[in-house]
Amino acid sequence: MPSANPSPNEERNAAIYVAVIDGATFGELAARYGISRVRVQKAYARERTNAWEARRQGETTYLDRPIPADV
C-alpha cells in the first residue's frame, strides 16, 4: 500500500507502474525519468509486488488501476 507521505522515489515508482499498466515501455520511461531501463524494470517489479499484496488483502485495484490478472 502507498504510504501517506511518499518520497520522490516512491512517487516516481508509482508513476512508472501506472504508465506501464497504461501501455508505456520501459525504454520510454527510462528516457522520461533519466534512469536506466533496469532501474525502471526494478521499480515496476517493486510496485507489482505491492499490487500482489493488495490483491492478497482483497483489493481489486492498486494506484487507481485494476490489478492485472497475472499479478
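The values are calculated or read from the model by the stated rules, or taken from the named source; none is laboratory data. Predicted model only: the values in this text are computed from it and were never measured. All Cβ positions, even for glycine, are placed from backbone atoms using ideal geometry, and neighbour counts span all protein chains on display. The accessibility values were calculated without ligands, DNA or RNA, using every heavy atom of the protein model including side chains. Shrake-Rupley method; radii C 1.70, N 1.55, O 1.52, S 1.80 Å.
A few points about this structure:
- Interchain or long-range residues, amide H under 5 Å from residue 62's placed H: 67
- Dividing the helix sum by the residues of the chain, where each DSSP H run of 4 or more adds -39500 (n - 2.57), gives a mean residue ellipticity at 222 nm of -19000 deg cm²/dmol.
- Packing-based ranking of 14-21, 49-56, 37-44, 64-71 yields 14-21, 37-44, 49-56, 64-71, ordered from highest to lowest mean Cβ neighbour count within 10 Å.
- Rounded tilt (10° steps) of 37-56 against the dominant C-alpha axis of the chain: 10
- On Cα atoms only, tilt of 8-21 relative to the major axis of the chain in degrees: 80
- Other residues with beta-carbon under 13 Å from the beta-carbon of residue 42 carry, at +1 per Lys or Arg and -1 per Asp or Glu, a net charge of +4.
- Modelled FRET efficiency - R0 25 Å, residue 41 with residue 4, Cβ distances, 0.05 increments: 0.40
- 9 Å beta-carbon shell around residue 30, net charge (K/R +1, D/E -1): +2
- Extent along the principal axes, Cα only, for the chain: 35, 27, 17 Å, with the longest axis given first.
- Per residue, the chain exposes 64 Å² of accessible surface when a 1.4 Å probe is rolled over the protein heavy atoms with every protein chain present.
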